[in-house]
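Enquirer: Please read through the structure below; I'll follow up with questions.
The values are calculated or read from the model by the stated rules, or taken from the named source; none is laboratory data. Computed from a predicted model, the values in this text were never measured in an experiment. Note that each Cβ is placed from the backbone with ideal geometry, even for glycine, and that neighbours are counted across all protein chains shown.
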Amino acid sequence: MNEYNEKLNNIKKTYDNLTYLDQYGLSVISFVIITIILLLIISYFNIMSNIQPIVDDWTNQRCNPFIIPFAGYITHPEGVSAFDYTYQNFNYCTQNVLSGVTSHAIQPLTYITNVLQSITNDIQSSIQNIRSMFDKIRTSFQNVTEEIMGRLMNVTISLMQIIIEFKDLMGKAQGAMTGGLFTLLGSYYTLKSLMGAIAQFIIMILIALASMIAGFWLFPFTWGAAIANTTIFMAIAIPMAIILSFMTQVLHVKSNLQIPKVKCFDKNTLLKMKDGTFKKIINIQIGDILENNNIITSKIAVTCENSIIYQIDNILVSDSHILHYNGNWITVSKHPKAIKVDNYDNKYLYCLNTTEKTIKIGNYVFTDWDEIYGYKLEKILQINYNNIHKYNNYGFKNTTEIMLQNGKCKQIDKIKINDVLKNGDKVYGIVEIDGKTLVSQFKYQFNNLCIEGFIPMLKEYTIKNEIKKNYKLYNLLTDSGKFEIHGMIFYDYNMAIDRLL
């Protein structure tokens, strides 16, 4: 009984919780469907009964809610089915409705946008007006500036014309002065050349007269003439010597003496060293040892100017250099294999002095710079040939200063070929000397001027001090055979051997 009452209560609760739609929902749905169908049928027949007016006013009628479902049955284009046209018309009407709705929906946004655009246009217009104002200010300032600059240019152009005319006047004056100076200089050089020619002529006369006198002294029956001519010679030679000394020492006039012909090799000439290797002559250093224990005592670099270069096999050497051939010593130019080299374009040539007084290159034996051979060698042997370098070479410390013709001073190791020294002495060669083996008793110092060697000077000086020995010494070769250092005149490097010969 209790179970029955419980089930009955549950059923009652269930029906009590049901809504209207739960109870009559199917009836409502059925009613709605039937109503829609009836409305569609009524609409269809109504539309079909009034189809022609609808077709005639299709543009305005096509989006009527009652017409949209039957659009394809009312009218449709040829080739398009009624269903497809109904679908197309539905899309068209939907888009038009949405565009209209959207247009109304965004009207506030459109209004705000228009307001912002109007404000922006006003701001832009204001900015443009400000720019126009600044442009007017800039134009006015430019006009004022151009006016000022125009007036300044008028003044400046006039001033420039005055300056140009003054400069032209100064140029003409400078030209006139330069012309006058060069005229005077030309006259001076002409006079100097004339005096040099006269000096040369005097020297030639004295040499000829001395030769004639020497000839007279050879025979007893001409001794009277020899005594008379000797007297005449002395009477002429003494004043001529004074004149020539004045011309050379004071006026710096030189006779037509040429730079001695140099006896040197091309810079790429290969020499065989003691260890069997080969080294270019330009890279040779003082103290290097050639084959046969031949030690380099000096290295000389000279100008190639006025030199004629010959080639013997692969050796390039100047024409006046001496070499051994068939038991005789001859110049390079006379060697049967010598071929003259045209258009030789190197500026400098190089040579050496050695302990053996020879330079062996391949199968050829050349003399070194001193060119001691034949009768010269016999004379040197009487003076101790083995000590030629040790007792007869000389040079200067690298810091020794020499004055140039332009008044500037250079250290001797900085002197270059073709430099012109104080008295017009032109440097045609630079010499590096091995100072290690020079005897210490021939080391001198004059007012901090360091000289090592026998010191060939035009005038004797008595100051002598022992100083520290230098490894490398320097000397010069000049066209005059001498040069000045601190007021003292020294013979150039050639005098080291010439004094013995």
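Enquirer: All but one of (1) among the aliphatic types (A, V, I, L, M); (2) modelled with pLDDT of 75 or more; (3) more than 34 Å from the chain's Cα centre (by Cα) hold for I455; state the number of the condition that does not hold.
Expert: (2)
Enquirer: Turning to a different aspect of this structure: Mind listing whichever residues of the stretch 323-346 are surrounded by fewer than 20 Cβ atoms within 10 Å (Cβ to Cβ) and closer than 22 Å to K357 by Cα?
Expert: Within the stretch 323-346, H324, Y325, N326, G327, N328, W329, I330, T331, S333, K334, H335 meet the criteria.
Enquirer: Taking the conditions exactly as written (among the polar types (S, T, N, Q) and either within 28 Å of T277 (Cβ to Cβ) or crowded, with 16+ Cβ neighbours inside 10 Å (or both)), does S320 satisfy them or not?
Expert: yes
Enquirer: Let me ask another. What residue, of A235, A226, is modelled with pLDDT under 75, buried (at least 19 other Cβ atoms within 10 Å of the Cβ) and over 30 Å from N283 (Cα atoms)?
Expert: A226
Enquirer: Something else now. Name every residue in the stretch 358-376 that is in contact with a strand residue (DSSP E or B) (Cβ under 7 Å, 6 or more places away or on another chain) and more than 14 Å from D313 (Cβ to Cβ), in order of residue number.
Expert: T358, I359, T367, D368, W369, D370, E371, Y373, G374
Enquirer: Sort through E371, E432 and tell me the only one that's crowded, with 17+ Cβ neighbours inside 10 Å, acidic (D, E), at pLDDT 60 or above and not in a strand (DSSP E or B).
Expert: E371
Enquirer: With the requirement that a residue be touching a residue at least 60 places away in the same chain (Cβ under 8 Å) and under 13 Å from I485 (Cβ atoms), what does the stretch 402-430 give you?
Expert: Once the filter is applied, which keeps residues that are touching a residue at least 60 places away in the same chain (Cβ under 8 Å) and under 13 Å from I485 (Cβ atoms), the stretch 402-430 yields I402, M403, I412, I415, L421, K422, N423.
Enquirer: Give me the pairs, please: first residue somewhere in the stretch 333-348 and under 13 Å from S307 (Cβ atoms), second residue anywhere and among the polar types (S, T, N, Q), beta-carbon distance under 6 Å, and either six or more positions apart or on two chains.
Expert: V341/Q311
Enquirer: Restricting the search to the stretch 305-318, which residues are modelled with pLDDT of 90 or more and not polar (S, T, N, Q)?
Expert: I308, I309, Y310, I312, D313, I315, L316, V317
Enquirer: In addition: I need a count of the residues in the stretch 307-326 that are over 17 Å from N346 (Cα atoms), touching a Leu at 6+ places or on another chain (Cβ under 9 Å) and in a loop (DSSP other than H, G, I, E, B).
Expert: Looking only at that region, the number is 0.
Enquirer: Show the residue pairs meeting these rules: Cβ distance below 7 Å; 6+ apart or different chains; first residue within the stretch 63-87 and touching a residue at least 12 places away in the same chain (Cβ under 8 Å); second residue small (G, A, S) and assigned to a helix (DSSP H, G or I).
Expert: As it stands, the answer is F66/S43; G72/A82; Y73/A82; Y85/A71; Y85/G72; T86/A71; T86/G72, since those pairs meet every condition given.
Enquirer: Residues that are within 39 Å of the chain's Cα centre (by Cα) and part of a strand (DSSP E or B): does the stretch 353-361 have at least one?
Expert: Yes, some residue in the stretch 353-361 is within 39 Å of the chain's Cα centre (by Cα) and part of a strand (DSSP E or B).
Enquirer: Further question on the same structure: Please go through the stretch 261-304 and give me each residue that is of a type in the set (V, I, T) and touching a Ser or Thr at 6+ places or on another chain (Cβ under 7 Å), ordered by number.
Expert: Hits for the stretch 261-304 are V262, I281, I286, I295, I296, T297.
Enquirer: How many of the residues in the stretch 265-301 are assigned to a strand (DSSP E or B) and either among the charged types (D, E, K, R) or more than 24 Å from K337 (Cβ to Cβ) (or both)?
Expert: Residues flagged as assigned to a strand (DSSP E or B) and either among the charged types (D, E, K, R) or more than 24 Å from K337 (Cβ to Cβ) (or both) within the stretch 265-301 amount to 12.
Enquirer: Which count do you get for residues in the stretch 295-314 that are among the aromatic types (F, W, Y) and within 20 Å of D479 (Cα to Cα)? Even if it seems obvious, please write down each step before you answer.
Expert: Taking the stretch 295-314 as the starting set, the residues that turn out to be among the aromatic types (F, W, Y) are 310.
From what is left, the residues that are within 20 Å of D479 (Cα to Cα) are none.
Summing the residues that are among the aromatic types (F, W, Y) and within 20 Å of D479 (Cα to Cα) in the stretch 295-314 gives 0.
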